[in-house]
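This report concerns only the one structure given below.
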Amino acid sequence: MARKIVTLPGDGIGKIVLPEAIRVLNAVGFKAEYIEGDVGWKFWVKEGNPLPERTINLLEEYRVALFGAITSKPKDVATDELSPELQDRGLVYYSPIVKLRQHFKLDICIRPCKSFKGNPLNFIRRTADGFEEPEIDVVIFRQNTEGLYSGVEWTNPPSEVRKALETHTKMEAYSDVKSEDLAISVRIFSRPACRRIIREAFEYAKKFGYKSVTVAEKPNVIRETSGMMREEAKKMREDYPDVDLYFTNIDAQMMWMTKNPEDYDVIVAGNMFGDIVSDGFAGLTGGLGFARSANIGKDCAIFEPTHGSAPKYEKLKPSIVSPFAMILSASMMLDYLEEYDEAIAIRNAIARVVTEGEVRSYDMLKLKGGGEVLSQGAASTSEITDAIIESL
């Protein structure tokens, strides 16, 4: 029986790479019906809502989606680009992917960062005798719905909010600052959410043979929220005697990441720090062209590359953008659906294409993006997909 998968191409290159991933899914033998949902900047401009209710209803019904990419712009620019009839209605742009994470409680974000042998973008380290290329295989578990991305923030906070905050002695430093000159974002951690992501990280390490889980937070300064994550991890460690538990401060982690990245297996962090450390490790394993992710709730999941919409590349014919991240995200969807053989086949095919080195995207050749890269040896988007399918 064919599964039903919601596709959300979104903006810019999202509309280019998502169909390429479907080509690979078809080639590997995955049977599915794809149902496209409306999402993105076009719907913000025309309807005042980048994530229409009809799209939420689609996902409510089918519960699994492939997501391309989204264009987001500053608040004032977003308002200016609304259709004239929608101006002055007090509409505010919110990121569709953030709204989807919160609406469907997609609290677990998984971002694998694995180097493929032969990728010229892989991290290389100087040694006493020359250079070496460590093999990196790190999986970031990022708490997806809380922390600084929870959306609890104000510019010019209401009087009752300010009054509540002033019960804390640290607010004395702002006693002479007018409310209209204050911008406040609240970092919220809940114990159930900490327990859930830490449990999922340990379970993943146990299932896939990783030796350690590292919590990357900042409990020496952000004592309450980071401290809660640390506390819950220490408790849970007892249930996983075969998995080591380590703690790092996020700032030090970013330094050690480029000194000994091969020492890390599964890393857990809150929303902001998880976002930062996952992009950092992605930079060591091929950049955003290879960066994939899964947003997983208890009964719903959305899979997306972590690159942006890159609108300047959308109209290039033929397209030059790398489809690797989107295709790898699709392979994560297959893992979620327990189609393990197909998922592994796709990743092995990509590994062969990268290792053989005959077909490379412009970023792998370290070229500046533009139509001329095809004449300089870069493969087009469709040519890369063709090579993966041939390898399958």
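Keeping to pairs on different chains or 8 or more places apart, tell me how many lysine pairs in segment 137-294 have Cα atoms under 29 Å apart.
Close lysine pairs found across segment 137-294: 20.
Run the reach check for K317 against lysines, Cα to Cα strictly under 17 Å, same-chain hits fewer than 8 apart removed. What comes back?
Candidates past the 8-residue exclusion: K15, K368.
Return the ratio Rg/(2.2 N^0.38 Å) for segment 199-320, where Rg is computed over Cα atoms only.
Numbers: Rg = 16.7 Å, N = 122, 2.2 N^0.38 = 13.7 Å.
In units of the 2.2 N^0.38 Å rule of thumb, it is 1.22.
Given the DSSP H assignment, sum -39500 (n - 2.57) over each helix run of at least 4 residues in the chain and divide by its residue total; what's the result at 222 nm in deg cm²/dmol, nearest 500?
Values: 13 runs with 144 residues, N = 392.
Mean residue ellipticity, 222 nm, calculated: -11000 deg cm²/dmol.
For segment 262-350, take N as its residue count and report Rg(C-alpha) divided by 2.2 N^0.38 Å. Mind dumping the intermediate values first?
Numbers: Rg = 14.4 Å, N = 89, 2.2 N^0.38 = 12.1 Å.
Rounded to two decimals, the normalised Rg is 1.19.
Determine the sum of side-chain charges near N260: Lys and Arg each +1, Asp and Glu each -1, restricted to other residues whose C-beta is under 13 angstrom from that of N260. Intermediate values should be presented prior to the final figure.
Working: positive: R125, K259; negative: E132, E135, E262, D263, D265.
That works out to -3.
Given R₀ = 25 Å, FRET efficiency for K206-R63 by Cβ-Cβ distance, to 0.05? Present the calculation step by step, with values, prior to reporting the outcome.
Values: r = 26 Å, r/R0 = 1.02.
Approximately 0.45, to the nearest 0.05.
Over all pairs of distinct alpha carbons, what does the Kirkwood formula give as the hydrodynamic radius of segment 119-219, in Å? List each step's numbers first, then the result.
Values: mean 1/r = 0.0553 Å⁻¹.
Final number for the Kirkwood radius of segment 119-219 is 18.1 Å.
In the chain, what percentage of the DSSP-assigned beta bridges are antiparallel, given to the nearest 5?
On the way: 23 of 48 bridges.
Bridges in the chain that DSSP calls antiparallel: roughly 50 percent.
Using a 7 Å offset from the Cα along the Cα-to-Cβ direction at both K105 and K73, what is the distance between the two label points in nm, to one decimal?
3.6 nm
Post the alpha-carbon centroid distance, segment 63-134 to segment 233-296, in whole angstrom.
17 Å
Just check segment 22-158 against the gyration tensor rule for me: Cα atoms, a ≥ b ≥ c as the square roots of the eigenvalues, rounded for a/c under 1.5, and otherwise prolate or oblate depending on whether a/b exceeds b/c.
prolate
What distance in nm separates the simple spin-label points at D181 and T127, each placed 7 Å from Cα in the Cβ direction?
5.7 nm
Can you give the extra length, in nm with one decimal, that the chain gains between S375 and T155 once fully stretched, where that is 0.36 nm per residue apart less the Cα-Cα distance? Show your work: numbers first, answer last.
On the way: separation 220, 0.36 × 220 = 79.20 nm, distance 5.02 nm.
The span from S375 to T155 would gain 74.2 nm if fully extended.
Let's test the formula: R0 of 30 Å, r as the Cβ-Cβ distance of K366 and E81. What FRET efficiency results, to the nearest 0.05?
Details: r = 34 Å, r/R0 = 1.14.
Computed FRET efficiency for K366 and E81 comes out at 0.30.
What ratio of Cα Rg to 2.2 N^0.38 Å holds for the chain?
Values: Rg = 22.0 Å, N = 392, 2.2 N^0.38 = 21.3 Å.
Expressed relative to 2.2 N^0.38 Å, the Cα Rg reads 1.03.
So the label point goes 7 Å from the Cα of R237 along Cα→C-beta, right? Which residues of segment 188-218 then have their backbone N under 12 Å from it?
Residues 213-215 fall inside that zone.
Coordinate-derived values only; no laboratory data. Just so you know, these numbers come straight off a predicted model, no measurement behind them. All Cβ positions, glycine included, derive from the backbone under ideal geometry; neighbour counts span all protein chains shown.
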